[in-house]
Amino acid sequence: MADMHPYKKTELIRILSAYLGKTLGEADVNNVFDKTIKHPKITGIAGDVVEQSILGYPSDSDQRPDLIVDNIPTELKVTGLKRSRSNPDLFEAKEPMSITAVSPQHIVLENFHTSHFWEKLQHMLIVYYLYDSDITVKAADYANFPIKNFDFHEFCQEDEEILKNDWTIVRDFIKMLQENYTDYESQYPRISSELRSKLLYIDTAPKWPHPPRFRLKRSVVTTLWQECCGKSYEQLDFDVVTYDEFDTKCHFIAETYRNMNVKQILDTIGYENTRIQKSIMEPVVITMFGGNSKKMADIELFSKMGLISKTIILTNTGNRTEDTKLLPVDFDEIMDESVQFEESSCYDYFYNKTFLFSVFREPYKPDAGKKVPLAECEFLGFKRISFSDVFVETEVKKTWDKIRYLIWNNELKDVVKFRKDGSPVINPTGTIKSAPNFPKSSEGEIFLRGTSSDSTYKPICINNVNMTFQNFWVRGKYLVDMLNQTDYL
């Protein structure tokens with residue numbers, strides 16, 4: 001403890017409060033940014049400014065916590081926010097929060113409550129700054145980023161149990177590898193790939209042979225930020241610590257509603273909505289879990305898990321009825337040549353999100369050109385999936401790379417859709433139907449498709465091509481095949 005830096009909490013609150021709203025450059029009274037002249041790509045400059053200029057002590061890389069706050073070892077974390085794509089006035093975590101090295105040789109000898117991992121997480125002082133740029137900037141430009149807030153954070157008992165379970169899964173897996181393989185280091189790449197679908201709050205990155213680190217998922221950091229700003233998340237009347245417990249809860253709920261159609265489910269749960277359409281299914285599922293929110297992201301547990309609720313309708317023979325819409329395309333990120341795929345929000349979404357699919361089936365084959373009303377579709381149960389490493393690194397990256405290629409090489413075009421007789425298709429609004437030549441469903445499992453209720457509203461313009469908002473989609477056939485290989489919960 002003697003090597004740590006002692007403060008009173010009231011003193012830290014006074015010091016940090018004086019810098020809220022100021023930029024990191026304005027806070028840099030000790031000229032920390034000077035080193036960016038020779039090292040323009042240096043990392044960790046925001047943390048260095050907080051440590052050396054605001055709090056006034058030198059940086060170090062020791063695994064112990066940085067501070068002693070009222071005699072309590074406290075880890076300082078300086079983390080970036082970015083503006084939400086859906087609402088620029090709201091912020092979300094720029095990236096996962098790195099905690100500490102995984103250290104395979106040491107973790108197998110540790111227990112959770114005395115581990116370096118928990119030592120770093122038990123008491124934290126988190127300082128948030130806004131990465132206020134649509135493109136990647138050099139270290140010197142961090143001087144323009146404002147300090148938004150700070151928080152003395154301690155995880156609640158339920159979160160502590162989840163973190164303990166996540167850490168134990170990693171430790172026990174490494175221990176298993178060391179006990180069962182002579183050349184166990186050759187198996188270490190499996191740590192990230194095989195465990196991520198089992199971990200609720202954390203992941204490990206980068207992949208071996210690069211030394212991996214424990215990280216809090218972006219979804220966890222975003223939730224911590226929202227709570228710091230006073231957002232009150234809904235608490236469900238049940239706790240889960242592991243995915244096995246979550247799956248058991250899903251199974252119990254599914255058994256209650258299995259084989260009911262949507263109308264019967266709405267009547268059972270007392271959901272008041274006269275328009276039965278797919279957009280109501282997420283709040284319906286939340287109600288089935290006993291919640292009152294409209295979005296999974298408004299429930300604390302689901303928000304930290306990064307849980308995405310999706311509904312899929314199968315034909316009466318079990319085939320696909322449609323493709324599934326996923327996340328919006330971040331074109332600022334796409335066009336930023338310094339952003340690598342593995343650093344992108346697209347990669348984070350496909351790699352770290354957990355998808356809970358509510359699976360419904362049409363009870364009969366509709367007449368040609370017609371659809372079975374959603375109200376009549378029967379609930380089969382829940383399936384939980386995560387996209388595999390191979391899928392993310394091949395199919396998703398292929399689409400990501402193709403989009404970048406079209407934009408960077410000025411090959412992006414607005415393509416008119418024609419009928420078989422050669423005449424252009426006319427929208428109901430009277431305009432000619434057209435769309436950018438982004439990857440289509442015929443080209444791969446992940447593709448782009450525009451989303452708009454008004455085909456004349458094209459608010460995005462890239463390389464002089466006007467377009468509607470674009471989303472990544474997954475082909476229905478691939479998704480059904482994937483779900484068919486997954487048991488119902």
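What tally of residues in segment 390-419 results from selecting those that are within 30 Å of Glu342 (Cβ to Cβ), assigned to a loop (DSSP other than H, G, I, E, B) and not hydrophobic (A, V, I, L, M, F, W, C)? Count: 4. Within segment 310-328, the set of residues being among the polar types (S, T, N, Q), in a strand (DSSP E or B) and touching a residue at least 60 places away in the same chain (Cβ under 8 Å) comprises Thr324 only.
Results for (1) within 30 Å of Leu90 (Cα to Cα); (2) free of Cβ contacts under 8 Å to residues at least 40 places away in the same chain; (3) open to solvent by 60 Å² or more (accessible area, probe 1.4 Å), shown as yes or no for each residue.
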{"site": "Asp159", "(1), (2), (3)": "yes, no, no"}
{"site": "Lys164", "(1), (2), (3)": "no, no, yes"}
{"site": "Gln187", "(1), (2), (3)": "no, yes, no"}
{"site": "Lys217", "(1), (2), (3)": "yes, no, no"}
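Might you let me know whether segment 236-250 holds any residue that is in contact with a Gly (Cβ under 7 Å, 6 or more places away or on another chain), on the phi < 0 side of the Ramachandran plot and of a type outside the set (A, V, I, L, M)? Checked against the condition, which is being in contact with a Gly (Cβ under 7 Å, 6 or more places away or on another chain), on the phi < 0 side of the Ramachandran plot and of a type outside the set (A, V, I, L, M), segment 236-250 yields at least one hit. Of the residues making up segment 8-46, those that are touching a strand residue (DSSP E or B) at 6+ places or on another chain (Cβ under 7 Å) and either free of Cβ contacts under 8 Å to residues at least 40 places away in the same chain or of a type in the set (Ser, Thr, Tyr) (or both) number 2. Identification of strands (runs of 3 or more DSSP E) wholly contained in segment 70-115 with 1 or more residues that are touching a His at 6+ places or on another chain (Cβ under 9 Å), charged (D, E, K, R) and open to solvent by less than 40 Å² (accessible area, probe 1.4 Å) yields 72-83.
It is to be established whether one or more residues within segment 193-202 are hydroxyl-bearing (Ser, Thr, Tyr), in contact with a strand residue (DSSP E or B) (Cβ under 9 Å, 6 or more places away or on another chain), crowded, with 16+ Cβ neighbours inside 10 Å and modelled with pLDDT of 95 or more. Within segment 193-202, one or more residues are hydroxyl-bearing (Ser, Thr, Tyr), in contact with a strand residue (DSSP E or B) (Cβ under 9 Å, 6 or more places away or on another chain), crowded, with 16+ Cβ neighbours inside 10 Å and modelled with pLDDT of 95 or more.
For segment 132-157, the candidate set comprises residues that are in contact (Cβ under 8 Å) with a residue 40 or more places away in the chain and among the β-branched types (Val, Ile, Thr); within that set, the residue that is nearest to Lys304 (Cα to Cα) is Ile147.
In the list Glu343, Glu255, Glu272, Glu245, which residue meets the criterion of being out of contact with any strand residue (DSSP E or B) (no Cβ under 7 Å at 6 or more places or on another chain) and within 30 Å of Asn409 (Cα to Cα)?
Being out of contact with any strand residue (DSSP E or B) (no Cβ under 7 Å at 6 or more places or on another chain) and within 30 Å of Asn409 (Cα to Cα) holds for just one of Glu343, Glu255, Glu272, Glu245, which is Glu343.
Among the residues of segment 141-158, those identified as out of contact with any His (no Cβ under 9 Å at 6 or more places or on another chain) and in a strand (DSSP E or B) are Pro146, Ile147, Lys148, Asn149, Phe150, Asp151.
The values are calculated or read from the model by the stated rules, or taken from the named source; none is laboratory data. Keep in mind the model is a prediction, meaning the values are calculated, not measured. Using ideal geometry, Cβ is built from the backbone for each residue, glycine included, and neighbour counts are taken over all protein chains shown. The accessibility values were calculated without ligands, DNA or RNA, using every heavy atom of the protein model including side chains. Shrake-Rupley method; radii C 1.70, N 1.55, O 1.52, S 1.80 Å.
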